[in-house]
Amino acid sequence: MKRIMACILCLVMVLSLVGCDVKTRDDVEGGGSGGEKLDTIPLTLLGQAANQKDLNVIRDLLTQQGFDVTINMQPDRGAYMSQIDAGNYDITFTGWASISGNGDYATRGIFHSTGDSNLGDNIHDDRLDALIDEACTLVYEESVPLYAEIEQILLDEAYIAPLYVGRKVEAYNKDVVDGDTIGIYAARAEPFERYDFVDESKRDTDTLYLWQIENYYTTADPIKSNENSTYMTNFNMYTRLVNFNDQMEITTESALSRDYAVAEGNQAFYFILRDDIYFAKVENKQAVDSGERVGGEDVIFSLGRAKDKDSVPNHATYSLHENIDTIELVTDLTELENTQESSTGKTVLESLSDTLDVPVAELVGDKNSADNASGKYQVIKITAKTAFPQMLNFLGHHSGSILSKSQVEKINTYDVATYDPAVDVAYGDPATVSEGPDYDNQIYASGPYILVYKNDYELVMQKNPNYMVGTEFEPKIKNITIKMIPDKDSALSSLRSGEVHVLNSLDVEKDSVVEGDAKLALKTTPGIAEKHLIFNTSEKSVCSDVNVRKAIQNAMDQSAFIAVYENSVFPATSPINTIMDTGCTFSPDPSLVQGYLKQYFDSKK
């Protein structure tokens, strides 16, 4: 099966940290280039309780430089985002994982002025906007210099203070789970259909228990969430046109497409669809086949709403798909015969036919008329507004998930402009899948599993009974439950006791606990999740001044984080550098902090 590298290079970052003596409070009071005492700057550091270790390191580094730091620690992401929206912070600890493996994802959402993840709408830089918009139109090799320039602006203007890059971990009970079915996926959530028990006879009777640290679930609508509480669940509940494998390569494994082709000019993309995926639904808290096939009309509907910022309230992922112009079914076979593929010189028809068991005899518009065994296929064509080679990466993102057009339209009858969450019921609302009086699960899942119900402690999922039946991608285990345990030590205890079978995160100091338990095993690899500080650049914050931002940026001695995490994390430059070797380096230098602070105070005289 054809695979294309998803614009990535390994985490080989040539960064050097400047060895330095961090100043104490006494040094600061006698410091400054002229020896004068500098005033103290109060700072509010915002973060979540799950990141308390990082918050303490940040506070200590800043306190040593004379800042007066107050930690505003929130219990979960919902409360955290409320504080962001209210502007109740000067700096915030956050992070970004470029899970689609491309430069546009690493930049547009968080640094473009229109980005849907531009925290507090903080960064507005015309230079960045122009570079991001240009870089996305180029093939990988041509885009690298522009992403290097973007990275340099982020550092020079101190829009971010990079801290470290973490690792990916899977700790599991090897007596229960077949270790060969455990993979580490940097660019997607773990594919549940791959998991299997050591004892295959237990597939239909026993439950596989997984874990997530977030003890809440925000929505089953994949375009309304881009955060961890829904990531693993939604990724496995919906199929997409393409996927990523464990090497961050784009693939059609376990995807709706059998194959794809990119036309000359990198602006038109063709996908030939499978006919063996059906939507699952829930009846009496059991997954059943809805009888509705997943097809072209659902792709057109789902990606149309994904690219439309106003299609739903609180759209969280629109910037990933805003470059899509049109999505349509191709029913004229001559279009495929007369269009050249971008990189091979073949026609699009020849390229799409490479992996087919039965050649294309007819293109059909009605999804129920598709019959791949007799050569009847559906083909989707997506055209970008401009050349956009990175399109495939975004279609593999969970926001590119395919939903049932008929089911979503049946539920979402409200007016988006006047939407009231207290009155209106939207597709995927958490209350509708939560045990209790409001439970009314109306999800239609196109993926290998469906969320049956949730409560305060777990997310209960079941196998889609009509998903690629008889193929290698048919789910093996019927019942999967995700335990929501917000404390990592408690999660590890649950792994050791057998209440949980797989953990996807583990503090490095706990590795020895896993390695010392005969029934447990551990897999690790460098990750792509980069942690950094973002600044409140509004006039209400002292961080609106670039000298203060640069002072804070240089105070972040990355070796302190490396020491705390026992050499299991790596120096960071930006989210770009975790997937692309731009050649850009960053060396925070605490010896420069007081000079930047002096410039700030001098400007206030």
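What translational diffusion coefficient, to the nearest whole µm²/s, does segment 315-400 have by Stokes-Einstein, given a Kirkwood radius computed over alpha-carbon pairs, a temperature of 20 °C and 1.002 mPa s viscosity? Could you put the intermediate results ahead of the total?
Working: Rh = 14.5 Å.
The Stokes-Einstein estimate is 147 µm²/s.
Quick one: 3J(HN,Hα) in Hz for segment 81-89, Karplus 6.51/-1.76/1.60 with θ = phi - 60°, rounded, Gly and Pro as x.
Computed from phi, the couplings for segment 81-89 are 5, 5, 5, 4, 4, 7, x, 8, 6 Hz.
Of the listed values (1) 1.23; (2) 1.10; (3) 0.99, grab the one calculated as Cα Rg over 2.2 N^0.38 Å from the structure here.
Answer by label: (3).
Before I look further, what does the chain give for accessible area per residue, probe 1.4 Å, in whole square angstrom?
Numbers: 22840 Å² over 605 residues.
For the chain, the solvent-accessible area averages 38 Å² per residue.
Any chance you could run the full-extension gain for D199 through A49? It's 0.36 nm times the residue separation minus the Cα-Cα distance, nm to one decimal. Before the final figure, lay out the partial values.
Working: separation 150, 0.36 × 150 = 54.00 nm, distance 3.85 nm.
Result for the pair: 50.2 nm of gain on full extension.
Ignoring any ligand, DNA or RNA, what whole percent of the accessible area of the chain comes from carbon and sulfur when the probe is 1.4 angstrom? Don't skip to the end; give the middle numbers.
Numbers: 10280 of 22840 Å².
Of all accessible area on the chain, carbon and sulfur atoms account for 45 percent.
Just how large is the dipole of the chain about the Cα centre, in debye to the nearest 20, putting +1 at every Lys and Arg Cβ and -1 at every Asp and Glu Cβ?
Values: 51 positive and 95 negative charges, 132 e Å.
Using Cβ point charges on Lys, Arg, Asp and Glu, the chain gives about 640 debye.
If the convex hull of the alpha-carbon atoms of segment 243-293 is projected onto planes in all directions, what is the mean projected area in square nanometres?
Result: a mean projected hull area of 5.3 nm².
In whole angstrom, note down how far apart the Cα centers of segment 302-336 and segment 180-208 are.
32 Å
Around L403, which amide H atoms from residues at least 5 apart in sequence, or from another chain, sit under 5 Å from its own amide H, with H modelled in the peptide plane?
Correct list: S302.
Given axes a ≥ b ≥ c from the Cα gyration tensor, I'd like to know whether segment 380-469 is rounded (a/c under 1.5), prolate (a/b larger than b/c) or oblate. Each step should come with its number before you reach the end.
Details: a/c = 2.26, a/b = 1.37, b/c = 1.65.
Judged from the Cα gyration tensor, segment 380-469 comes out oblate (a/c at least 1.5, b/c at or above a/b).
Extent of segment 508-605 along each principal axis, from alpha carbon coordinates, in Å, largest to smallest?
For segment 508-605, the Cα spread along each principal axis is 66, 27, 26 Å.
Which value, in debye to the nearest 20, gives the size of the charge dipole of segment 249-356 about its Cα centre, when Lys and Arg are +1 and Asp and Glu are -1 at the Cβ?
460 debye
Considering only V425, N455, P475, whose Cα is most displaced toward the positive end of the charge dipole of segment 407-487, charges sitting on Cβ of Lys, Arg (+1) and Asp, Glu (-1)?
Final value for the positive-end residue is P475.
Based on the Cβ-Cβ distance from D246 to A361, what FRET efficiency comes out when R0 is 35 Å, to the nearest 0.05?
Numbers: r = 35 Å, r/R0 = 1.01.
The pair D246/A361 has a calculated efficiency of 0.50.
Would you mind calculating the gained length between I71 and V423 on full extension (0.36 nm times residue separation, minus the Cα-Cα distance), in nm to one decimal? Intermediate results must be reported in sequence, preceding the final value.
On the way: separation 352, 0.36 × 352 = 126.72 nm, distance 3.59 nm.
Going from the current span to full extension adds 123.1 nm.
Mind pulling the angle between the C-alpha long axis of helix 593-603 and the longest principal axis of the chain? Nearest 10 degrees, somewhere in 0 to 90.
Value to nearest ten degrees: 80.
Tabulate in residue order the Karplus-calculated ³J(HN,Hα) for segment 492-502, using 6.51 cos²θ - 1.76 cosθ + 1.60 with θ = phi - 60°, rounded to whole Hz; enter x for Gly and Pro.
Running phi through 6.51 cos²θ - 1.76 cosθ + 1.60 with θ = phi - 60° gives 5, 4, 5, 5, 5, 7, x, 6, 10, 9, 9 Hz.
Average the reciprocal distances over every distinct pair of alpha-carbons in segment 156-216, invert the result, and give the Kirkwood radius in Å. Walk me through the numbers on the way to the answer.
On the way: mean 1/r = 0.0686 Å⁻¹.
Over segment 156-216, the inverse of the mean reciprocal pair distance is 14.6 Å.
Distance between Cα centroids, segment 350-403 to segment 214-291: provide it in whole Å.
Spelled out, the Cα-based centre of one part sits 14 Å from the other.
Which of M580, V542, P526 sits farthest toward the positive end of the charge dipole of segment 520-605, with +1 on the Cβ of Lys and Arg and -1 on the Cβ of Asp and Glu?
V542
Quick one: angle between helix 140-156 and the longest Cα principal axis of the chain, in degrees between 0 and 90, rounded to 10, please.
The two axes meet at around 30 degrees.
Mind listing the phi-derived Karplus ³J(HN,Hα) values for segment 461-476, rounded to whole Hz, using 6.51, -1.76 and 1.60 with θ = phi - 60°, and x for any glycine or proline?
Each residue of segment 461-476 in turn: 10, 9, 5, 5, x, 9, 10, 6, 4, x, 9, 5, 9, 5, x, 8 Hz.
Out of residues 5 or more away from S434 or on other chains, whose amide H comes under 5 Å of its own, with H placed 1.01 Å from N in the peptide plane?
It is D440, K454, by chain and number.
I'd like the distance between the alpha-carbon centres of segment 410-463 and segment 500-516, rounded to an integer number of Å.
So the separation of the two Cα centres works out to 33 Å.
Treat each spin label as a single point 7 Å out from the Cα along the C-beta direction, and report the E409 to D180 distance in nm.
If labels sit at E409 and D180, their model points lie 4.6 nm apart.
I'd like to know which of I277, T218, L256 lies farthest towards the positive end of the charge dipole of segment 199-318, counting +1 on Cβ of Lys and Arg and -1 on Cβ of Asp and Glu.
Toward the positive end, the furthest listed residue is T218.
Taking H placed 1.01 Å from N in the peptide plane, check which residues at least 5 places from D371 or on another chain put their amide H under 5 Å from its amide H.
For D371, whose amide H was placed from the backbone, the distant partners under 5 Å are K376, Y377.
Quick check on the chain: helices-only [θ] at 222 nm, where DSSP H runs of length 4 and up contribute -39,500 (n - 2.57) each and the sum goes over total residues. Nearest 500, please.
Only helices count here, giving -7000 deg cm²/dmol.
Starting from the Cα gyration tensor of segment 291-337, multiply each eigenvalue by 5, take the square root, and state the resulting semi-axes largest first in whole Å.
Details: eigenvalues 124, 47, 8 Å².
So the equivalent ellipsoid measures 25, 15, 6 Å along its semi-axes.
The values are calculated or read from the model by the stated rules, or taken from the named source; none is laboratory data. In this text the structure is predicted, and so the values were computed from the model without any measurement. With ideal geometry, Cβ positions are generated from the backbone for all residues, glycine too; neighbour counts draw on all protein chains shown. Remember, those area values only see protein heavy atoms, side chains included, never the ligands or the DNA or RNA. Shrake-Rupley method; radii C 1.70, N 1.55, O 1.52, S 1.80 Å.
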